[in-house]
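These notes concern the structure reproduced below.
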Amino acid sequence: MSTQNQPVGFNEAMSNGDPVIVVEQLAKTFLLHNLNGSVVPVFTGVNLAVHPGECVVLSGASGVGKSTMLRAIYGNYIPSSGSVQVRHDDGLVDITHAPPHLVLDVRRRSMGYVSQFLRVIPRIPTLDLVMEPLLENGVDPAEARERAEAMLADLNLPRTLWSLPPATFSGGEQQRVNIARVMVRDYPVLLLDEPTASLDAANRQTVIKLMNRARAAGTAMIGIFHDEAVRDGVATRLFDVTQFKMAA
Amino acid sequence: MERADVQHQDDAALLAVRGLNKRFGNVVACHDINFELRRGEILGIVGESGSGKTTLLRCMAGQIDPDAGQVVFNSRRHGVKDIFALSEQDRRRISREEWGYVHQNPRDGLRMRVSGGANVAEPLMMNGQRHYGQMRELTLEWFEKVELDIARIDNKPRTFSGGMQQRLQIARNLIHSPSLVFMDEPTGGLDVSVQARLLDLMRLLVRDMGLAAIIVTHDIAVARLLADRLMVMKSGEVVEHGLTDQVLDDPQHGYTQLLVSSVLQI
Amino acid sequence: MTTQTNRMQHGAYNHAYLDEQTKRMIRRAILKAVAIPGYQVPFGSREMPVPYGWGTGGIQVTASIIGQDDVYKCIDQGADDTTNAVSIRRFFARVADVATTERTAEATIIQTRHRIPEAPLKEGQIMVYQVPQPEPLRGLEPRETETRAMHAYEEYGLQYLSLYESVAAFGRIAGGAGYPVLVDERYLMSPSPIPKFDNPKLHQSEALHLFGAGREKRIYAVPPHTDVRSLDFEDYPFDVQSWDEVCALCGCPDSYKDEVILDDEGTRMFVCSDSSHCSDRRDAGHAGPMAGHELDQGSADAANLEDAE
């Protein structure tokens with residue numbers, strides 16, 4: 001497995017077909033109006049193309065802007081300039097300029113995102129939470145239940161917890177619910193922000209296995225993993241964010 | 001005031017608000033509001049009290065005449081029309097057939113003198129249903145959908161708790177399969193524990209029915225969980241408008257930044 | 001209807017109590033009401049020598065249309081011999097100098113609150129109703145602006161709420177009195193507090209029906225030969241009350257009955273609510289199971305009292 005740090009597009013030979021994520025000249029600067037208009041530059045000039053079956057791991061020291069970059073790619077943060085094109089159906093959609101309903105459709109069908117923290121409506125049973133992305137995509141409720149149960153079982157979440165809302169779960173349990181909610185669907189593009197941070201070694205291995213299974217099926221991934229073992233277990237290449245860091 | 005018919009609209013838009021203005025004396029309640037809403041979309045309108053949220057909602061629902069601007073609705077019966085270019089009769093018919101309006105206080109949206117079941121069945125009768133058995137059946141279905149005890153179908157709403165009254169109001173506003181529902185602080189007066197359940201219910205119903213909703217709230221957490229898109233209003237103007245997570249996680253306007261950073265964390 | 005101008009009765013009051021301008025104003029409202037069957041026409045209701053709610057609307061309508069050659073009948077709960085009926089009849093006998101009667105067939109103007117007589121009404125007869133609440137939607141919608149809009153736009157779905165409640169509570173459309181009707185397939189109307197038993201008598205009636213609500217200041221009308229349909233559900237069609245008992249006095253099987261409690265043991269009898277109808281039948285030789293009961297003489301006594309004055 002390749003872990004070398006190389007510029008954009010260098011590695012195309014080892015992946016198949018056209019890229020499913022194309023980031024061009026992406027930059028992000030925060031402007032904080034309530035702090036005397038202070039300007040917080042994060043990164044600039046980012047170019048990145050990711051192909052099906054690739055897992056690009058964003059690397060760099062803490063605070064260098066990895067999470068910000070991942071969020072900008074997901075369309076959660078609004079970039080200051082540049083574009084992020086994502087494969088959706090048969091074309092590429094620039095989610096930095098697409099109308100809101102199209103961005104939501106890309107997120108619903110083409111691009112999944114595992115955040116660091118679980119954020120859901122309170123008091124909903126775990127199983128229902130995991131079924132939801134399937135139901136949203138028109139999957140039959142019986143099949144959705146089957147797939148959700150299989151996913152929770154794969155992630156070793158004790159069956160006794162399935163009917164409970166995750167609010168009282170441990171950090172690791174919540175994180176696995178979070179992963180299950182995304183991995184239960186086969187998104188062509190996956191963004192992962194520290195999905196294994198609060199997991200024990202055994203569960204980390206399970207997640208690595210799930211990710212590699214998805215990758216083998218052609219999913220393109222961009223992730224942030226501080227744990228070197230996980231990084232080595234999933235990455236097809238590293239992408240050093242430090243080089244795009246803007247001076248404050 | 002421009003009230004011309006609008007014929008050539010983008011078919012994708014269910015509702016389009018154009019240049020809407022409303023003042024009360026010297027107070028500007030809504031200034032030059034423009035946006036579109038598609039089928040199946042949930043739009044949240046957030047802002048502090050007095051920012052013009054509810055006035056905007058009531059203008060869109062045809063309850064207040066704006067001073068200027070259009071509210072163009074893609075009606076099943078009338079096609080794409082500025083609702084203020086229609087007669088009052090047609091506007092009332094659209095409101096009855098194709099819209100729902102959920103009030104913050106369920107007492108404003110329910111008839112307190114008739115039973116819960118009759119409250120839920122009323123929109124059916126208003127739209128010409130004259131078969132008691134069929135209405136009763138559908139009413140029972142909706143009691144179950146909003147998780148009300150069907151044994152209490154003939155009780156008066158005042159015997160229901162606040163959360164139950166609000167669920168009653170929601171059933172009443174969805175039973176006739178509207179394409180658009182206006183909600184004014186739908187979880188405003190409720191216990192936090194009841195709120196969560198209601199939020200989930202509304203989200204599921206909206207998803208299953210594919211309807212569009214405009215939800216006015218000052219509760220950022222409610223907006224995050226329900227809305228696809230957010231409009232942030234301040235002093236009658238929309239200061240920011242975008243995907244809910246963009247607006248809340250990466251607010252661009254100073255007021256939105258202040259609003260988001262003021263939310264209490266637990 | 002003929003009218004008299006400035007003809008003073010007993011030297012104190014104008015003919016039929018009201019002044020001529022007022023009667024003209026009310027007649028204009030009546031004409032409008034006849035022209036738009038079922039539509040509530042506002043009018044300037046006057047102070048009357050009885051409290052609001054005691055029939056001032058009906059009295060004003062009668063006063064505006066009554067002429068010297070009219071024959072006046074007044075009933076309360078179907079009976080000619082109740083206090084209100086006797087008082088109002090005497091009022092018009094005095095201030096309008098008209099002949100009065102208890103016989104439906106002889107009357108040209110019949111004032112009522114609760115009943116339509118059993119005997120079929122004829123062309124040329126006028127029914128005058130005393131209406132407490134003219135707005136059938138009021139119990140469900142308190143805003144006058146809103147109920148007016150509902151009438152204007154023919155939005156009558158709300159009225160079915162009351163029928164729904166009735167079926168939900170009783171398994172049938174119970175509503176006994178003031179049962180809502182649609183007049184000429186256009187205006188929703190409350191037919192005063194008559195029992196729904198009498199609703200079918202309004203449909204294609206030969207007589208003119210005038211409704212006056214004094215406190216609420218509204219007049220409305222059902223002209224002769226007008227369709228009047230009682231609201232109902234497809235699966236709960238409109239029907240009228242019926243009684244297993246025949247009239248205890250006259251034996252009538254199909255009239256509207258009043259239940260009369262006779263003693264503390266719960267002994268009771270059912271008698272025709274329409275006292276004129278009942279006495280006509282008895283005069284014609286019909287007899288019920290309790291014929292000859294002391295109540296049998298009641299009507300005649302009351303009439304005698306009045307005659308004695």
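Miscellaneous remarks
- Computed [θ] at 222 nm, helices only, for chain B once each DSSP H run of length n ≥ 4 contributes -39500 (n - 2.57): -11000 deg cm²/dmol
- For residues of B:51-61, the mean tally of beta carbons on other chains within 10 Å: 0
- Sequence ranges C:125-132, A:165-172, ranked by mean other-Cβ count within 10 angstrom, highest first: C:125-132, A:165-172
- Chain A - share of DSSP beta bridges that are antiparallel (%, nearest 5): 55 percent
- A cut-off of 5 Å between modelled amide H atoms, ignoring neighbours fewer than 5 places along the same chain, links A:T219 with A:G53.
- C:T226 long-range amide H proximity, modeled H, under 5 Å: C:Q204, C:S205
- Here the extension length gained between C:D263 and C:V71 equals 65.3 nm, from 0.36 nm per residue of separation less the Cα-Cα distance.
- Inter-centroid distance (Cα atoms) of the range B:11-41 relative to the range B:163-181, Å: 23 Å
- Between C:T82 and B:T159, the FRET efficiency estimated from the beta carbon spacing at R0 = 56 angstrom works out to 0.90.
- Whichever lysines have a C-alpha closer than 26 Å to that of B:K22, once near sequence neighbours (fewer than 8 apart) are set aside: B:K53, B:K81, B:K234
- The range B:62-78 and the range A:63-121: distance between their alpha carbon centers, rounded to Å: 34 Å
- Per-residue [θ]222 nm for chain A (sum of -39500 (n - 2.57) over DSSP H runs n ≥ 4, rounded to 500): -10000 deg cm²/dmol
- Set of lysines with alpha-carbon distance to C:K201 below 20 Å, sequence-local pairs under 8 removed: C:K73, C:K122, C:K257
- FRET efficiency, 1/(1 + (r/R0)^6) with R0 60 Å, evaluated for C:E245 and B:D67 via beta carbons: 0.30
- Antiparallel DSSP beta bridges within the protein assembly as shown, as percent of all bridges there, nearest 5: 55 percent
- Residue-wise HN-Hα coupling along the range C:208-213, computed from phi with Karplus coefficients 6.51, -1.76, 1.60 (Hz; x: Gly, Pro): 8, 10, 10, 10, x, 10
- For B:Q104, the residues whose modelled amide H falls within less than 5 Å of its own, excluding neighbours fewer than 5 places apart on the same chain, are B:D184.
Bear in mind these aren't lab numbers, they're just calculated from the coordinates by the rules spelled out. Remember, it's a predicted structure, so these values are computed and weren't measured experimentally. Using ideal geometry, Cβ is built from the backbone for each residue, glycine included, and neighbour counts are taken over all protein chains shown.
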